[in-house]
Each structure stands twice: as structure tokens, then as C-alpha cells.
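Shown below is the structure under consideration.
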Amino acid sequence: CSFVEHRNYKIVYRRYASLFFLVGVDDDENELAILEFIHLLVETMDRHFGNVCELDIMFHLEKAHFMLEEMVMNGCIVETSKSNILAPIQLMDKTS
């Protein structure tokens, strides 16, 4: 099972190889939508890093946070296009 309930909250998690992604949500959230969100995040990181692993996230934590910030605003998913999420990061990579 990819869901754990504790008091009034749920933890939705998914494992990709050696990586675990966890998201804490209210009872009102759709668990399957959160699983899809996690999958989208991993696919986006895969596209940028090429087969993302824990070292990619550790050494490029600011990029991982930036991807997440592009996808979520005020607790709501606002962007699901991988190219739109990665465009600012690619621009920053070009300028540096």
C-alpha cells in the first residue's frame, strides 16, 4: 500500500529504485492524484538529470527545490508541463 493514515492526515509515498518520495496531505486530498504528482516530479527530474538518483538530488538540491516550486504554489499543483517546469532551469544553466 502506498498510503499511511495518521490522525487527520495521510502520507502518500512511492518508491523509485533507491529513492522514496513522500507527500503529507489532508483527508480531503485524492491519493491517486498525489501518486500521479509524485510520478510527474520523478519524470521531470529524470528528464533534467537523466535517470535521477539520490546523488543528483543531493548535489543539486536547489534545482530539485526549484522544480517543486514551479509545480506547486500555496499547496496547489499549478504546473504539470515538464517543458514549462524545466524552461527556467535550462535558462539558468545557459547563463552560468
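Going residue by residue through region 52-64, is there one that turns out to be in contact (Cβ under 8 Å) with a residue 40 or more places away in the chain and of a type in the set (Val, Ile, Thr)? Spell out the reasoning first.
To start, the set of residues in region 52-64 that are in contact (Cβ under 8 Å) with a residue 40 or more places away in the chain comprises none.
No, every residue in region 52-64 fails to be in contact (Cβ under 8 Å) with a residue 40 or more places away in the chain and of a type in the set (Val, Ile, Thr).
Continuing with the same structure: Would it be correct to say that GLY75 is within 25 Å of VAL4 (Cα to Cα), loosely packed, with under 15 Cβ neighbours inside 10 Å and among the small types (Gly, Ala, Ser)? Walk me through it before giving the result.
Values: within 25 Å of VAL4 (Cα to Cα): yes; loosely packed, with under 15 Cβ neighbours inside 10 Å: yes; among the small types (Gly, Ala, Ser): yes.
In short, yes.
Residue-by-condition table, conditions (1) in contact with a Leu (Cβ under 7 Å, 6 or more places away or on another chain); (2) part of a helix (DSSP H, G or I):
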site	(1), (2)
CYS1	no, no
VAL4	no, no
VAL12	yes, no
PHE20	no, no
LEU40	no, yes
ASN84	no, yes
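Can I ask one more? Just one of (1) of a type in the set (S, T, N, Q); (2) under 11 Å from the mean Cα position of the chain (by Cα); (3) surrounded by fewer than 16 Cβ atoms within 10 Å (Cβ to Cβ) trips up SER18, so point out which.
It is condition (2) that SER18 fails.
The numbers here are math on the coordinates, done by the rules we state, and not lab data. Because the structure is a prediction, the values reported are computed rather than measured. Counting neighbours? That spans all protein chains shown, and the Cβs are built from the backbone with ideal geometry, glycine included.
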